[in-house]
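The values are calculated or read from the model by the stated rules, or taken from the named source; none is laboratory data. What you are looking at is a predicted structure, and each value in this text was computed from that prediction instead of being measured. A quick note on method: Cβ atoms are made from the backbone with ideal geometry, for glycine too, and the neighbour counts reach across all protein chains shown.
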Amino acid sequence: MEEHAEQASTQEPGRSGIGKPALEQARGERQIERLPGVHLQLKMGQQVFVRLMCVDQRYEARVIGLDPFSYFIVQLRLPQDTLARLSHNPMAIVQLDAGGALFGFRTSLVNRISQPAPLLFFSYPDTVERVVLRRNKRVKVSLPGQVHGAFGDHDVMVVDLAREGCRFSAKSSLNSPLRTAKAGERVLLHCDLGAGGKAFMAPVVLRRIEEQRGHISMGGQFVDLSEENTAMLLEYVKRVHALLGDVTA
């Protein structure tokens, strides 16, 4: 199949993209580090958020290809009027959550194609901004549990825990409602931490979702924890860490 490549304009970016921080929402809350682009943890299949400066709008996309230190490719379908504006102002801000840290960087569109799929090629950044989201180390666990949300009730396996959040996984299929879950949505986690028969229940805001080989992995942040559940969580994490000394960075 013949591919029709459409080269992006190299004109100067519009004023809206100049000087705009890559991690403006995190600025002021936690210290932001500016690092060489080599520190960017960009992977195939990773979810990213792209803010196009030409329309100052944020889109969700997924990385489907990359040549480290040169360019990366995301699949993203855009309206025709946005594509027209993009040719005059190719600047963008990209954010991603990787390994407990939020990365942000400014980039520019270098090429795009419409066939066989709408793909955008962005330049690899020279520098990135990073803010560490995890304040404490997480302990590795294997805890059966359930999550409840807009996409239904599902059995999961909690695989790590910390005061700030957790990560859990579940089986996934093409028709699984779990595949409709999006970052920013809230679910309710229910599991047994061995606290005298009392169940641990915690609202979780999803931050990171990955799917691979029939399993879906979700990482999230605890919100609105009750004092009782907070105490239960801290005691459990302390107990497991003391017994196993097994943590994730």
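Summary table
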| read-out | value |
| --- | --- |
| Top-ranked residue in the range 29-61 [being more than 15 Å from the chain's Cα centre (by Cα) and of a type in the set (K, R); ranked as modelled with the highest pLDDT] | R34 |
| Residues of the range 197-209 that turn out to be touching a residue at least 40 places away in the same chain (Cβ under 8 Å) and surrounded by fewer than 17 Cβ atoms within 10 Å (Cβ to Cβ), as a count | 0 |
| Pick from the range 210-222, criterion closer than 20 Å to Q41 by Cα and surrounded by 19 or more Cβ atoms within 10 Å (Cβ to Cβ), ranking: farthest from the chain's Cα centre (by Cα) | I216 |
| Check on K182, farther than 24 Å from F103 by Cβ and either in contact (Cβ under 8 Å) with a residue 12 or more places away in the chain or not assigned by TED's automatic domain parsing to the domain that holds K43 (or both) | no |
| Considering residues of the range 75-108 that are touching a Cys at 6+ places or on another chain (Cβ under 9 Å) and in contact (Cβ under 8 Å) with a residue 40 or more places away in the chain only, the residue surrounded by the fewest Cβ atoms within 10 Å (Cβ to Cβ) | H88 |
| Qualifying residues in the range 163-190 (those that are out of contact with any Phe, Trp or Tyr (no Cβ under 9 Å at 6 or more places or on another chain) and closer than 12 Å to G219 by Cβ) - the one surrounded by the fewest Cβ atoms within 10 Å (Cβ to Cβ) | S169 |
| Per-region count, the range 62-74, residues under 16 Å from the mean Cα position of the chain (by Cα) and surrounded by fewer than 19 Cβ atoms within 10 Å (Cβ to Cβ) | 2 |
